[in-house]
1. What's the FRET efficiency of A:Arg13 with A:Leu37 using the Cβ-Cβ distance as r and R₀ = 45 Å, to the nearest 0.05?
2. Find which of B:Ser117, B:Gly145, B:Ala96 sits farthest along the positive direction of the dipole of region B:49-154, computed with +1 on the beta-carbon of Lys and Arg, -1 on that of Asp and Glu, about the Cα centre.
3. Among B:Lys147, B:Lys110, which comes first, then next, by fewest other beta-carbon atoms within 10 Å?
4. In whole Å and largest first, what semi-axes does the C-alpha gyration tensor of chain A yield when each eigenvalue is scaled by 5 and square-rooted?
5. Could you pull out every residue, at least 5 positions away or on a different chain, whose amide H is within less than 5 Å of the one on A:Ile85? Hs are placed 1.01 Å off N in the peptide plane, and Pro or chain starts have none.
6. Going by amide H atoms built from the backbone, whose H comes under 5 Å of the H on B:Arg97, apart from near neighbours?
7. Stretched out fully, how many nm does the piece from B:Arg88 to B:Asp66 gain, at 0.36 nm a residue minus the Cα gap?
8. DSSP H helices in chain A with Cα extent of 15 Å or more along the helix axis and mean Kyte-Doolittle hydropathy at least -1.0?
There are 2 protein chains.
Amino acid sequence: MNNTPADPFDRTRSAGYLANHMARLFAQRLHERIRPLGLAPAQFMTLLELWTADGLTQSDLVERLDVEQATMANTLSRMERDGLIERRTDERDARARRIYLTARARALRKPAEEAASEVNAMALGSMDQDERTQLIDGIARAINGLKNNDAAEC
Amino acid sequence: MNNTPADPFDRTRSAGYLANHMARLFAQRLHERIRPLGLAPAQFMTLLELWTADGLTQSDLVERLDVEQATMANTLSRMERDGLIERRTDERDARARRIYLTARARALRKPAEEAASEVNAMALGSMDQDERTQLIDGIARAINGLKNNDAAEC
DNA sequence: ACCTTTCACATAGCATGCTATGCAATTTGT
DNA sequence: ACAAATTGCATAGCATGCTATGTGAAAGGT
């Protein structure tokens, strides 16, 4: 019985492991920068959509940000608690609750986006424009591969 | 007052946003494959180290996997609860508790690593070997940039 | 020896993400 | 018109990750 198999799994070259590590670091760096604004990463992500399109429903956000409905419901509850959004029942569909930004949330756009750009610069700082584009494109392709769950798995 | 600024933050081209999205998809795909084995993603990550080096301490794992000590403590508690590890107090240092795999955990190595490889293949399926290496290297560089928090920020 | 500092770990509290489930409102099929 | 299916959202329960804090054991300085 061989304890170290012929083809050992090397986590330092595993896309999944590295993706997790990178995402944790991004979240930490972002969080420490937007915490002074009273924001957390998932709230910032949600605001990115609401800053460009106010009055969306929860299911709109679920679709655009590709998170589960329950996750978004909880994030929105915390944002309402923190005075970032208001939820008003849709006039035509009593099930839906449209989401509107408060003045406070609108005011946070610039500093928060700057913080995020800063973190991106920190990650990509050592790369030229070509390398950055290649990395972004590569991640986007990986996302596509992972999304087509049922599709042909090579 | 311009509601849509000249340089809008495009989340679909933001490394941080994409990193988060990719990591969530990786975790989902991995989890659905290793759940039948009774494993969760962070447990698998921890096992990757323990499979190659049994008898580590909690702080060894913290250092190798770059997670916070409290995070690792909780993950190890769940792994102990689930019969994957045993913790025995170090003979020479009464503070440390060395971590040993159970037979059950040892038996899970092959199927779990195969599941992870399958997910990696799913993500990288459309790329040739060069493209895969470039993506892995790019992520590794981003990780380095994000880790040197205090270092020169461009 | 003794006091301070450091180290290894545990715990509390919170945010984010998931699955599973439930409920009420709308839509659909007949 | 009405039963069945679908839709929009809430909640419970859990895993993973963080910061902050506490505790007991070991190490170091005097």
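Every read-out reported here was derived from the displayed coordinates using simple, explicitly stated rules and does not represent laboratory data. What you see is a predicted model, and the numbers here were worked out from it, not measured in a lab. Backbone-built Cβ (ideal geometry, glycine too); neighbour counts: all protein chains shown.
1. Details: r = 37 Å, r/R0 = 0.82.
The value I calculate is 0.75.
2. Among B:Ser117, B:Gly145, B:Ala96, the one farthest towards the positive end of the dipole of region B:49-154 is B:Ala96.
3. Details: B:Lys147 15, B:Lys110 12.
By the 10 Å Cβ count, ascending, the order reads B:Lys110, B:Lys147.
4. Values: eigenvalues 237, 92, 45 Å².
Gyration-tensor ellipsoid for chain A: 34, 21, 15 Å.
5. HN-HN under 5 Å from A:Ile85: A:Glu80, A:Thr102.
6. B:Gln58, B:Asp90
7. 5.6 nm is the gain from fully extending B:Arg88 to B:Asp66.
8. On the way: long enough: A:15-34 (28 Å, -0.22); A:41-52 (17 Å, 0.58); A:69-81 (18 Å, -0.81); A:109-124 (22 Å, -0.37); A:129-147 (27 Å, -0.56).
Going by DSSP H runs, the hits are A:15-34, A:41-52, A:69-81, A:109-124, A:129-147.
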